[in-house]
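Peer 1: So that we are looking at the same thing, I have put the structure below in structure tokens.
The values are calculated or read from the model by the stated rules, or taken from the named source; none is laboratory data. As the structure is a computational prediction, the values presented were derived from the model and not from experiment. Here Cβ is always computed from backbone atoms with ideal geometry, including for glycine, and neighbour counts include all displayed protein chains. Side chains are part of the model used for accessible areas, which takes the heavy atoms of the whole protein and leaves out ligands, DNA and RNA. Shrake-Rupley method; radii C 1.70, N 1.55, O 1.52, S 1.80 Å.
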Amino acid sequence: MSIETSEIVEKSLALVNRSFTGVLGTVDENGIPHLKAMIKTAARGLKEFWFCSNTSSKRVTQIKKNPNASLYFYDEKTFEGLMLTGKAEVSWDDEKRREFWSDGMERYYPLGCTDPDFALIKFTASKGNYYHGLKNTDFDIND
């Protein structure tokens, strides 16, 4: 990895770390993209992101039919943006659902962390594009 790319990755990580939400893009059955702001539940570098969702949501239905997805983080004050492309998958892993459970979630999932309507979305990035200062930089996401 070049010095420039490593600096871009560092800036991208800083942007992700200070972002509360990301905009998740999925594709419907007609190939139309859909965007939704989602609370970032967990992140592992720039590679892996987790979000909580309802099993009954459009997002979950779309991901099950087409895993191609994108994720966008931005800072409107610094005019920075990071677009990640990759794959999304739906998980009902009980260990992960317990890990991500927090007080107040019973409002959305009344049966608790094993509620059948409580699903997790895991997004795995393969490529990134960082924008700042009128410059776009593409890079590959490594483990």
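Peer 1: Comparing Asn17, Asn68, Asn30, which has the greatest mean-square fluctuation in the GNM of the chain with Cα pairs linked when under 10 Å apart?
Peer 2: Fluctuation is largest for Asn30.
Peer 1: Determine the sum of side-chain charges near Glu4: Lys and Arg each +1, Asp and Glu each -1, restricted to other residues whose C-beta is under 15 angstrom from that of Glu4.
Peer 2: Computed value for this residue: -2.
Peer 1: Need the full-extension length gain, Ser126 to Lys64, defined as separation in residues times 0.36 nm minus the C-alpha distance. One decimal, nm.
Peer 2: Result: 20.4 nm gained on full extension.
Peer 1: Ok, one more. Once both axes come from the Cα atoms, what is the angle between helix 3-18 and the longest principal axis of the chain, in degrees from 0 to 90, rounded to 10?
Peer 2: The helix 3-18 is inclined about 40 degrees to the chain.
Peer 1: Got a number for carbon plus sulfur as a percent of the chain's accessible area, 1.4 Å probe?
Peer 2: 52 percent
Peer 1: Given labels modelled 7 Å from the Cα in the Cβ direction, how far is it in nm from Thr137 to Glu76?
Peer 2: 2.6 nm
Peer 1: Ala119: net charge of surrounding residues, Cβ under 15 Å, Lys/Arg +1, Asp/Glu -1, itself excluded?
Peer 2: Numbers: positive: Lys36, Lys58, Arg59, Lys64, Lys65, Lys96, Arg97, Arg98, Lys122; negative: Glu89, Asp93, Asp94, Glu95, Glu99, Asp115, Asp117.
Net of charged neighbours comes to +2.
Peer 1: State in Å² the accessible area per residue of the chain; use a 1.4 Å probe, count heavy atoms of protein chains only, and round to the nearest integer. Can you show the working numbers first?
Peer 2: Working: 8410 Å² over 143 residues.
Using a 1.4 Å probe on heavy atoms only, each residue of the chain averages 59 Å².
Peer 1: Please give the length that would be gained between Lys36 and Thr55 if that part of the chain were fully extended, namely 0.36 nm times their separation in residues minus their C-alpha to C-alpha distance (nm, one decimal).
Peer 2: Length gained, Lys36 through Thr55: 5.3 nm.
Peer 1: What order, most packed first, do the peptides 72-85, 126-139 have when packing is the mean number of other Cβ atoms within 10 Å of each residue? Could you put the intermediate results ahead of the total?
Peer 2: On the way: 72-85: 16.6, 126-139: 13.9.
Put in order of decreasing packing, that is 72-85, 126-139.
Peer 1: Using the Kirkwood radius over C-alpha pairs as Rh, can you work out the diffusion coefficient of the chain via Stokes-Einstein at 4 °C, viscosity 1.567 mPa s, in µm² per second?
Peer 2: Rounded, D is 82 µm²/s.
Peer 1: Over the chain, what is the relative contact order in whole percent, taking alpha-carbon pairs under 8 Å and six or more residues apart?
Peer 2: Values: 264 pairs, mean separation 35.2, N = 143.
Relative contact order of the chain: 25 percent.
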